[in-house]
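Before any comments, here is the structure.
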Amino acid sequence: MNLMLILTGFIVLFLAELLYFKIAGRFNIIDQPNHRSSHSNVTLRGGGIIFSIALLLYPLYFGFEYGYFLLGLGIISFISFVDDIKPVSNKIRIAFHLIAVALLFYQLDLFNLSIFWIILALILVIGSINAINFMDGINGITGSYALITLCTLLYVNIYIVEFVTTDLLITSIISVLVFNYFNFRKKAKCFAGDVGSVGIAFIILFFLLLVVIKTEDFSYLLFLLLYGLDTITTIFFRLIRKENIFEAHRSHFYQYWANEKKIPHLAISAIYASAQLAINALIIFWMPHTIFIFFLFLIFTTIIFLVCRFAVEGSTRLIGD
């Protein structure tokens with residue numbers, strides 16, 4: 001993709017985002033703060049729709065090379081956008097998610113694998129989509145984290161192993177840059193919404209699964225390590241406290257920094273993105289890519305993350321009295 005095409009893509013997506021703001025304002029698609037929110041201002045919701053729009057427009061110029069993936073993206077983005085406007089029942093949402101993931105798996109030829117690997121991939125994808133969605137709670141965190149992940153994948157695709165058309169990755173990065181312009185600020189113009197967080201999760205997981213399949217190396221899944229650690233440890237502590245893990249909450253580590261410690265949202269987002277960038281660099285340049293090292297690194301980082309949470313939040317908050 002040449003510079004002129006990149007600039008054109010940025011302008012088109014920028015205008016598309018502005019058009020969405022007009023529509024969202026007209027139909028009152030807003031995020032109303034409540035007691036579980038980490039923000040206090042009424043803000044447009046669903047600005048992350050630009051992630052899906054960018055890739056759904058992609059075939060108009062580059063062709064339908066990834067048709068089933070894009071169809072799945074369209075399906076999961078549609079139900080997520082509807083859910084942003086008016087809550088959808090869990091059964092309907094899960095049904096749409098499963099159809100979208102099935103199309104993703106078909107694109108990746110995963111149905112040729114044994115049932116064990118299909119189930120494992122399903123757990124990974126559904127769990128990761130929900131984790132990324134749960135982590136979308138403060139200004140800048142979704143956009144900055146997605147940008148780091150996608151740029152790392154672009155580096156891998158160009159300099160290590162080509163696993164996808166580079167133009168598709170660049171298109172995704174442009175959409176994230178457009179979104180960040182409106183979201184990565186003290187007073188955000190818009191939030192990603194479920195359509196944004198779920199959409200970008202679906203996109204990132206497509207790229208990650210492609211590179212894992214191409215290389216047969218699970219180490220690349222660690223590009224989502226920090227989000228995974230925050231989500232899994234939060235679920236673990238909520239279970240210990242006998243809380244309903246399906247109810248909305250403010251128990252994530254990043255939420256503690258934002259709500260209890262009053263750390264600026266953009267500072268927290270920058271810390272998470274920078275930490276994941278450091279992890280990605282370690283994985284690419286220094287870590288041996290063996291299954292033993294993969295699990296050893298996972299255990300080591302989990303212990304460090306738990307120690308940090310106990311040191312900062314305290315045992316009473318994490319596990320109760």
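Which value, in debye to the nearest 20, describes the size of the charge dipole of segment 169-312 about its Cα centre when Lys and Arg Cβ atoms bear +1, Asp and Glu Cβ atoms bear -1, and nothing else is charged?
Numbers: 12 positive and 7 negative charges, 130 e Å.
Dipole about the Cα centre, nearest 20: 620 debye.
With springs only between Cα atoms under 10 Å, which of Ser251, Ser219, Ser89 fluctuates most in a Gaussian network model of the chain?
Highest fluctuation among the options: Ser89.
Taking only complete DSSP H runs, can you tell me which helices of the chain stretch 15 Å or more along their own long axis by Cα positions and average at least 1.6 on the Kyte-Doolittle scale? Please report the intermediate quantities before stating the final value.
Working: long enough: 3-26 (35 Å, 1.81); 67-85 (27 Å, 1.63); 90-107 (25 Å, 1.12); 115-134 (28 Å, 2.36); 141-155 (21 Å, 1.51); 166-183 (25 Å, 1.34); 193-215 (33 Å, 2.18); 225-240 (22 Å, 1.41); 265-285 (30 Å, 1.64); 291-313 (32 Å, 2.47).
Helix filter hits for the chain: 3-26, 67-85, 115-134, 193-215, 265-285, 291-313.
Grab the DSSP H runs of the chain that are 4 residues or longer, score each as -39,500 (n - 2.57), total them, divide by all residues and round the 222 nm result to the nearest 500 deg cm²/dmol. Write down the numbers at each step before the final one.
Numbers: 13 runs with 215 residues, N = 321.
Counting only the DSSP helices, I get -22500 deg cm²/dmol.
Taking GluC sites (Glu not before Pro) that fall in a DSSP loop and have at most 11 other Cβ atoms within 10 Å as cut points, what is the longest piece of the chain between them? Write out the running numbers ahead of the final one.
Details: sites that count: Glu216, Glu247.
With a cap of 11 other Cβ atoms within 10 Å, the longest stretch comes to 1-215.
Just need the relative contact order of the chain here, percent rounded to a whole number, with Cα pairs under 8 Å and 6+ apart.
The value is 23 percent.
Pulled fully out, how much extra length does the chain show between Phe310 and Val12, if you take 0.36 nm times their separation in residues and subtract their Cα-Cα distance? Numbers along the way, then the final one.
Details: separation 298, 0.36 × 298 = 107.28 nm, distance 4.63 nm.
The span from Phe310 to Val12 would gain 102.7 nm if fully extended.
Set Lys and Arg Cβ to +1 and Asp and Glu Cβ to -1, take the dipole of the chain about its Cα centre, and tell me which of Leu120, His265, Val101 lies farthest positive.
My answer, from the dipole projection, is His265.
Using only Cα atoms, locate the centre of segment 180-226 and the centre of segment 305-321, then give the distance between them in Å, rounded to an integer.
About 27 Å separates the Cα centre of segment 180-226 from the one of segment 305-321.
Just subtract the alpha-carbon distance of Glu216 and Phe300 from 0.36 nm times their residue separation and send over the number in nm, one decimal. Present the calculation step by step, with values, prior to reporting the outcome.
Details: separation 84, 0.36 × 84 = 30.24 nm, distance 2.24 nm.
Stretched out fully, the Glu216 to Phe300 stretch lengthens by 28.0 nm.
Would you be so kind as to identify which of Gly67, Ala131, Val82 lies farthest towards the positive end of the dipole of the chain, taking Lys and Arg as +1 and Asp and Glu as -1 on Cβ and the Cα centre as origin?
Val82
Under a plain spin-label model, where a point goes 7 Å from the Cα along Cα-to-Cβ, how far apart in nm are Arg250 and Tyr68?
4.4 nm
List the lysines whose Cα lies under 23 Å from the Cα of Lys187, skipping any in the same chain that are fewer than 8 positions away.
Leaving aside lysines fewer than 8 places away in the same chain, those within reach of Lys187 are Lys22, Lys261, Lys262.
What is segment 3-319 by shape, rounded, prolate or oblate, if you read a ≥ b ≥ c off the alpha carbon gyration tensor as root eigenvalues and call it rounded for a/c under 1.5, prolate for a/b larger than b/c, and oblate otherwise? All intermediate terms of the calculation are to be shown ahead of the outcome.
Details: a/c = 1.38, a/b = 1.05, b/c = 1.32.
Because its axes are fairly even, with a/c under 1.5, segment 3-319 counts as rounded.
Lys/Arg Cβ at +1, Asp/Glu Cβ at -1, dipole of the chain taken about the Cα centre: which of Ile293, Val161, Ile232 is farthest positive-ward?
Selected residue: Ile232.
Within 10 Å, count the other beta carbons around each residue, average over each peptide in 164-171, 136-143, and list them highest first.
Details: 164-171: 18.6, 136-143: 25.4.
Listed from highest to lowest mean packing, they are 136-143, 164-171.
Filter the trypsin sites (Lys or Arg not before Pro) in segment 1-110 to those in DSSP coil with at most 13 other Cβ atoms within 10 Å of their Cβ, and list the result.
On the way: sites: Lys22, Arg26, Arg36, Arg45, Lys91, Arg93; in loops: Arg36, Arg45.
For trypsin sites (Lys or Arg not before Pro) across segment 1-110 that sit outside H, G, I, E and B with at most 13 neighbouring Cβ atoms in 10 Å, the list reads Arg36.
Place a +1 charge on the Cβ of each Lys and Arg in the chain and a -1 charge on the Cβ of each Asp and Glu, then give the dipole magnitude about the Cα centre in debye, rounded to the nearest 20. Mind showing how you got there, number by number?
Working: 20 positive and 18 negative charges, 219 e Å.
With only Lys, Arg, Asp and Glu charged at Cβ, the dipole is about 1060 debye.
Coordinate-derived values only; no laboratory data. Keep in mind it's a predicted model, so treat the numbers as computed, not measured. Methodologically, a virtual Cβ is constructed for each residue, glycine included, from the backbone with ideal geometry; neighbour enumeration extends over all protein chains shown.
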